[in-house]
Each structure stands twice: as C-alpha cells, then as structure tokens.
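See structure below.
Laboratory data are not the source of any read-out in this text; all were calculated from the coordinates shown. The structure displayed is predicted, hence computed values, not measured ones. Glycine gets a Cβ as well: all are built from the backbone with ideal geometry, and neighbour counts include every protein chain shown.
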Amino acid sequence: MPLTPGLVANLRQLPQDELDAMPAVEMIPDGDRPEANDNGEIIRVEHDDGSVTISIDGSPLAPGEERGPADWFDNLVEDIDGIELSRIAEDLIQGIEEDIQSRQDWVEDRAQGIKLLGLKIEIPGLGGTPDGAPVEGMSRVRHPLLLEAVLRFQANARSELLPTDGPVKIRNDNNNANLQTDQLSNALENDLNHYLTTTASEYYPDTDRMLFMLGFGGTAFKKIYYCPIRNRPVSETVDADDLIVNNAATDLENARRVTHRVMMKPSTVKRLQILGAYRDVDLATPKEASPDAVQRAKNEQQGLSDSTFRPEDRDREIYECYCELDIRGFEHKLKGRETGLEIPYRVTIDVSSREILSIVRNYNKDDEELPVARKTFVKYTFVPGLGFYDIGLLHILGNTTNAITAAWREMLDAGMFANFPGFLIADSGLRQNTNVFRVPPGGGAPVKTGGMPINQAIMPLPYKEPGMAMMNLVANMVETGQRVGGTAEMAVGEGKSDAPVGTTLAIIDQATKVLNSVHKRMHAAQALEFQLLADCFRDNPESFWQRNKRPAYQWDQQTFLNALDNCYLIPQADPNTASQTQRMMKIVGLKQLQQASPSMYDPVAIDTAALQAMGWNNPEQFMVPPSAMGKPPPELLRQQAEIQINQSKAESDAKRADAQMMVAEARAAEIASKSGLAGQQQPDPMKMAEMELHEREIDARSEDARLDAMNRLRDRESRERLAAVRLAENMAKNPAAIPLVQSMITPEMMQRLEGNEPPLTEQ
C-alpha cells in the first residue's frame, strides 16, 4: 500500500471503503494500543509492529460506548462547559472563605475552650516562659470542672442514646395493622439495630465521640449519605469546625452555603474517580493545609505536629459545598419557560487545584418544578444559642473554670513559697558562689557572712500560707459550677432511705431539669437522623440486608419499602427520662402503687419493666413458667383455709350468742310475770327491792352478752377482711390461681367481703 504524501513513514492510510466496512471493535487485534477521544471513540491505533492507523477525515475508527440515559443523581460535570465550571469554582471558593472569616471569633473561643479541658500534661514552668508561669516553679495545673461536666454528660447521653441491643425502635403508624404487619415491624426493628451495631460498626464509637463534642461546644452534626466506597448508607459525625456555615445563618435550611471540609487521602480520591463519583482529572500536588485555631489547639493537646513533612503524605483538602446555583445548560424551567431560579446542588471542589470534581442534583425528581434541597445534615443542640452555633458547657463553665484554675494556682504557689521561701542577702562582705540554697530535710548549707550575724545577713521574704477564705471561695465556685453544669450529686430523699417516692421523684426532677431539656433535644435530633437514614435505604434497598447473614425476615425490595412506609423510626431512649436514676425511681413508684392497689395493676408487667430498667434484656428467665402459674402456691391455700376456719368459728360464736340472748329474754319474761302476779297482793318492800336488784343483774348480763356478740362479730369481720386483702395480694401476683380460689369462696363469704351485709347496730 503506497504511503500517503505528507505523512510520516510509519503511518499508513486505509482506503475509505475499508474504513466504512471495518467492524466496530473487532478491528483491533491483541497487542495493539487504541486511543480514544472524550466520547470513547477510537481515533488512533498504535500497532505492535510500530505502525499507526489513523483516520484522515476525522471519523472514528471504532465508535465509543454509547452513554445511556443519565440517572437523576449522576455527576453532571462532564455535561457542563469548562468556562462555566471555572466560574462556579471561583465563586464558591470566595464565598466559603468569607464564611470562614465570619466565624473567626467563634473559632478562637473554641480553641481556648479546648485548652481549658486540661488534657495536656503540664509541669511547673520555667521563669519567663510564655506558658503563663512567669516565675520558675509556678504551677500550671488546671481545674477539671469543665472536663468533669463534659465526661458526665457524655456518659449519661451514651447510656440513653446508644443501648446495647440497638438505638432504634419502631412506631407502627398503620391503623389497619395485622399480625403480618406487626411481624414486619419487629423484623425491621431487629435488622435495623443489627445494621447499626454490626454492619455499620463505626456508628457507636463515632456517635460516642460526637456526644463528647456536643457537651463541650454545644453543637454537633451528623451527616447521613450513601457512601459509594462502602456501598451502603452511612451516618457519621462532622465536627462543628469542619462544617463551615456563615455566622449570619440561623439554621441549616436557611444557610446560603453549607460546606463540609474533608481531609481526604489521595487514594480515596482516586477510588471515587474510578467509581465515577468524581471527575477523572489530573490534580495538582496537594498544598499543605493551613489549620485554623481549633485544629492547632487539638494538635497541641494531643502532642501532634501541625504539618506533614513529606509532600506525598499530605491529604487533599476537599470542599463539599451544598448550595443553590443557576448553571448554564441546566436552567430551571417551569411550564417550558426559564425562571432564573437557583436550585440545590452538591458541588465538590479540590482546594489545591481549584478543580470541580462533581456537581450533583441535591433535590428529588418529584420536586423538579419547585426544587427543595434534600436534608443531609442533622444538627444536635445542647442549649440553643444566639446565632447558628449553640451554647455548650464550654460557654456555661468556661469563665468559672478559668477563675477556679487561677485560685488553684495561687493556693499551690502560696503553699510552695511558704515551704520554700525566697530571701534577700546582704551584699557587704559576703562572697557566695551562688544565691540558690536548697536545704534538704535534716541538712544544711554553708553561708559566708563575713563576720556578720547570719540573721542580719539573710532575711527571708514573708509569704502567707493559703487562707481559709480562699479555700472557701474555691469550694463555693466549684459547687456553683457543678450546679449550673448539671453535674452536682443529687441529695435523694434528704438522705432518708424511707423517703416517699413522690418526694424523691420531685427532688430528682428539680435537679435534672436542664439535663432533661437537653435530652429531649437529642431525642428529636436522633429521630430525624433515623428518618434520613430510612430515606437512604429507600434509594438503595438492597444495602439493608445484603451484609446481614441472619436477617429476621427474608426481605425483598417491595416488602422492605412497604415496611418503611408503614413504620416510623424513633430512638429507643425515653424522651421523658434522661437518666437511669430517674427510670429506677419511676419503677419504684409504680411498684408501690401496685402494692397499694393490687387489683388495678399487672404485677408481671411491672416486674418485667423493673428488670429491663436494671439492664436485663431477657427478664422472662427470672419468672415462673406459665405452666407452673396455674397451680396456686401453698400460701394461697393456707390463707383460704384460714378464712374458712374463721368463718366456721364466727358462725359458732354467733349461735352461742343467740342462745344466751334467748335465755336472757326468757328469764326477763319470767320475772315480769312474777311481778304481775305479786301485784295482786300487798307488795313486800324487801321482796320488791330484791326483784329490782335481780332484774338489774339480768339486764346487765343481757347487755354483756349482746356486747360480747357484737365484739365477736367485729373481730370476725376484721379477720376476714385482713385475710381477704392478703389473699387478693397473692392472687394479683398469681393471676392464674384466681378462678380456683373463687370457686372455693362461698357466696355468703363474698357478700361479707364486698361489704354488702347489713351494718352492725346497737339494737
């Protein structure tokens, strides 16, 4: 084949008819190296023999892979003009820098607060050092008031929000629930808890760290998104200093920009490029990041360096900006007309190269007419603040911690100077090699006084020992700080073990009002976090069960989506109970109510709740099996027998009393008859007096008999009622024995126990 004029000798031209007849891909044998354009079309082939095949007219040698229809959340960078990309990048970077500048004071305060934690080991400083110790040996100790409050809050919040068996509980909102729906709800709850405790093994330690920063600074964030590398939804903590928001914003929804600053390994960036999440473009060598005051304070407390010495070990600084843009070629349209409306996007920028790596729609396709930004971040709040960033223990206890720290250092330094006082030395006639005298216990040091009395040559400086006023002040400041910070020990029941439950609960509630309000805010934030996690699962259903080896249900996509639609994910934590102490006292109060009114409460349910509050996940293991509950315990049988015996004895006593009453009445009638017969004759005063005395004796005996009968009846009634109360208590503890006991009680006994028998009278 002749060479084409003007071409290099190792190039060969193919006739047009051969090019037209050439197959798409099969034309490239093994060993050849094809080159493609941006559309994937092969435009040049370098053969293994050194020759090169090209197209003279510019038509492709082989067509590229056709791009199918783009998904809604695909990366749009390849479809946007390069000039437009540069404009977007410069505008966003400038806006982010202004956002960083707007919160500079907040960053400085946070950096000072990190130092107040006192996490760095500090020794008494040398004279003139810039560490706050102007004199050699002065103390640099920090009072742990702030650290104690943060640790207490973290421990309490973790026990409530992160239970051992999982943080999620299902609330079924389906009004037409059936057995299958309930089974799906239980299966969804079990598998979701398995996901957060086992599959997403980073969730618990990551949330634990978030709670520490929440208590410290007052603001913490969770980012819920689908991770293409892990191929599953993720909920991870974002430090407040890494989430850049202009301080003029009031909340996340109203912020013009929300920027997540990420330090990412170059290999991670490359993985995301391979997966198509980021644009595959060459990036410049990452510049050394300039840490802000917070990052420098963190590094200082940990003893870490601010810089990386090897350039190849530097992480890339990535800005992931959630904003609204009007992009050329993707203008918002309503009824076919452009509106000029800025719509939500997620833009990822490499800071060093200022290259945009991705632009993704940040709204659902259903909201295309009037786009609304999807929620990605959840804000956890300690105490609502004056601006975007909230109030934490740093702001509540920071000044108090500073004051107590200063007082501590003064007392320690006063004690040191009192034990090792400084002194003044006369300079006349004295020749000393040093003016530093360190005299050990039981030792001495030679001093040349030139004949001058030593007490005149050396004068110790007067230092006062730490006074009681200073100690009392420090103790008062510590108490005040603990009370304000909610970490003071609660005096439950004024130290009385038998204090009423209502009093104890009132004391606990009063002492934990601040903590309870914080707990309610965390409960609401965690509920929103779970809902965003459910939205991620709706977009990627298979990621829910694909790593679960033993799911509670064999899920398919439709069943899983129906379960999510019918159920509402809420935290396991009780929003009204912020601590284990409160929960246990509520159980104690409920137990007392059950004991006072056994027929109104289910003792099994109450005891089950008590065991669960104690931390037992399977309280049924401590309870009597249902098969054994059908047999009444011996105590019940004994009490029922006592009731029958008392009933029989009472009936016998009543019959005896009735007989005595009849005898007394007959005797009285006899006396009255004799008195009437004697009235026909002349009455004898002596006999009349005897008869009156005799009648009085009969009346007295009759009254005694009647009172005795009344007392016996009252005693019988009391014994029966007491036995009935005990029987009722035991029946409440053993509900299965109620039918058997009822069959053994006669109707007359039930009538008396229910109080339906006529009341006792004096007649």
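Observations on the structure shown:
- Simple spin-label estimate for GLN592 and ASN472 in nanometres, 7 Å along Cα-Cβ: 3.8
- For GLU410 and LEU151, the FRET efficiency from 1/(1 + (r/R0)^6), where r spans their Cβ atoms and R0 equals 22 Å, is about 0.25.
- Among 568-574, 557-563, the order from most to least packed when residues are scored by Cβ within 10 Å on average: 568-574, 557-563
- Counting other Cβ atoms within 10 Å as a rough exposure proxy, the listed residues LYS464, LYS298 run LYS464, LYS298 from fewest neighbours to most.
- Distance in nm between pseudo-label sites at GLU202 and GLU46 (7 Å out along the Cβ direction from Cα): 4.0
- Compared with the alpha-carbon gap, the fully stretched path from LEU713 to ALA609 is longer by 33.1 nm at 0.36 nm per residue.
- Spin-label model distance (nm) - ASP105 vs ASP313, 7 Å beyond Cα toward Cβ: 3.9
- Multiplying the residue separation of SER267 and SER159 by 0.36 nm and subtracting their alpha-carbon distance yields 35.2 nm.
- Put in line by how crowded their Cβ is, counting other Cβ atoms within 10 Å and starting with the fewest, VAL294, VAL107 read VAL107, VAL294.
- Rounded Å value of the spacing that divides the Cα centres of region 357-425 and region 293-329: 20
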